[in-house]
Amino acid sequence: MGLTNNDILKKLRVALKMRDDEIIHVLSLVDFEISKSELGAFFRSEDHPKYMDLQDQILRKFLNGLIILKRGPREERAKKN
């Protein structure tokens, strides 16, 4: 069985040594707001009653926010005439 989106976020959090507030900041860089309790639901075990599956869109927003955090905002390419 492959990794779930929740597993990927957990592994990235450990590898990058990120706290919950840092993950919330990364998501805010792409204009996505999430509370600590909503974020915590993604890190719970699958048999916990408040566990939530991490949707593809949220993982994509996190990865895009991480790119902005590490590289800076994307610069618009100069239009060629």
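Observations, loosely collected:
- Residue-count net charge about M1 - beta-carbon cut-off 13 Å; Lys, Arg +1, Asp, Glu -1: -2
- Taking only the Cα atoms of the range 5-71, the radius of gyration and Dmax are 11.3, 38 Å.
- This model, with +1 at the C-beta of Lys and Arg and -1 at the C-beta of Asp and Glu, gives the chain a dipole about its Cα centre of some 520 debye.
Values in this text are rule-based calculations from the coordinates and carry no lab data. Every value quoted in this text rests on a predicted model; they were computed, and no experiment measured them. Glycine also receives a Cβ, built like all others from the backbone with ideal geometry; neighbour counts cover every protein chain displayed.
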